[in-house]
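The block underneath contains the structure these notes are about, expressed in structure tokens.
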Amino acid sequence: MISIITCSRKADISDELKQNIKETIGCEYELVVIDNSTNQYSIFSAYNEGVRRAKGEILCFMHDDILYHTKNWGEKVINHFQDKTIGLIGLLGTHFMPSVPSYWVMSPLYTENIVQNTNGVKEFIKNDYFFQNMNIVDAVACDGVCLYIRKELFNGITEFDEKSYHGFHFYDMDICMQINARNYRVCIVNDILIEHCSGGKYSIDFYKAQNIFYNKWKSFFPIQKGIVMPHYVLNHLSNLIFLAEDSRIVRTSLSYTLGSKLIKPIKWLINKFWNNK
């Protein structure tokens, strides 16, 4: 049986999602909805509570704003877990984490297969080069929009780290690294398609969690799975990601934003009066 665990922003998930799961999963399942309408849980504590309530052998941790497009996806998940070396399955993620603070989407070596629905505009995003004619590939970390994990791994060793983190960021990256550290495989599959009906947001809490994640796992980095690249190439990629991330942080900072707004009228005045002399 698959236990579907979701942390809901309302008292319950939508009827549309319940019906979608019922029509597509194709196997025995249970819904474990953690009511977070009063914001009493972090995503870490909510999922740990879900694990305690779950009865299934496979746990599906998923957002409450997705829809499944694939029929009998539950049977596909069960079949993938016939390989006892696999501890976690995701639908999109990275094959490389650098030796600098980062997130999976900052990696140039990633795989994804998803329908992104942003304000009613749907886009099919596919990057499946690393599958190499297979429907599963090893990865370092997967995005938390939908994760499948063996229940047996939550045996007092693996759990969502609510002691180190707070809020709703890096729960997915951290649980993937925990499973890597236990020498189970983290994998991405391309035979399950979902639609995600919202986009991610970056905030100061995101960057705080990013630093916690990096400091916790930095002895493992750089790390690669599902690809084979020389170490000097990985170090070069680490440097490039660091530069790109450093630049992005500057461009999204409050100081940069305020500075840009102040510079615009000054530029206008210079162009209007100085250049017309």
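Quick notes on this structure:
- FRET efficiency, Glu152 to Glu123 (Cβ-Cβ, R0 25 Å, nearest 0.05): 0.10
- Local electrostatic count, Ile223, Cβ distance below 15 Å [Lys/Arg +1, Asp/Glu -1]: +3
- Residue-normalised accessible area of the stretch 178-217, expressed per residue, 1.4 Å probe, Å²: 47 Å²
- Within the accessible area of the stretch 47-152 (1.4 Å probe), percent carbon and sulfur: 48 percent
- Value of relative contact order over the stretch 49-161, rounded to a whole percent, pairs C-alpha under 8 Å and six or more apart: 37 percent
- Applied to the stretch 156-164, the Karplus parametrisation 6.51 cos²θ - 1.76 cosθ + 1.60 on θ = phi - 60° returns per-residue 3J(HN,Hα) values of x, 9, 8, 6, 6, 7, 7, 7, 8 Hz, with x for Gly and Pro.
- Using the empirical formula 2.2 N^0.38 Å as the baseline, the Cα radius of gyration of the stretch 64-176 reaches a ratio of 1.13.
- Scattering from the stretch 1-82 was approximated by placing one identical point on each alpha carbon and applying the Debye formula without solvent; log10 I(q)/I(0) at 0.17 1/Å stands at -0.66.
- Local net charge near Gly90, Cβ-Cβ under 9 Å (Lys/Arg +1, Asp/Glu -1): -2
- Here the contact order of the stretch 1-105, divided by its residue count and restricted to Cα pairs under 8 Å and six or more residues apart, works out to 35 percent.
- Phi-based couplings in Hz for the stretch 140-153 (Karplus 6.51, -1.76, 1.60; Gly and Pro marked x): 8, 8, 10, 6, x, 4, 7, 10, 10, 9, 5, 4, 4, 6
- Counting only heavy atoms of the protein chains and using a 1.4 Å probe, Tyr148 has close to 0 Å² of accessible surface.
- Heavy-atom accessible area per residue - the stretch 1-145, 1.4 Å, Å²: 44 Å²
The values are calculated or read from the model by the stated rules, or taken from the named source; none is laboratory data. Keep in mind it's a predicted model, so treat the numbers as computed, not measured. Counting neighbours? That spans all protein chains shown, and the Cβs are built from the backbone with ideal geometry, glycine included. Ligands, DNA and RNA are excluded from the accessible area calculation, which covers all protein heavy atoms including side chains. Shrake-Rupley method; radii C 1.70, N 1.55, O 1.52, S 1.80 Å.
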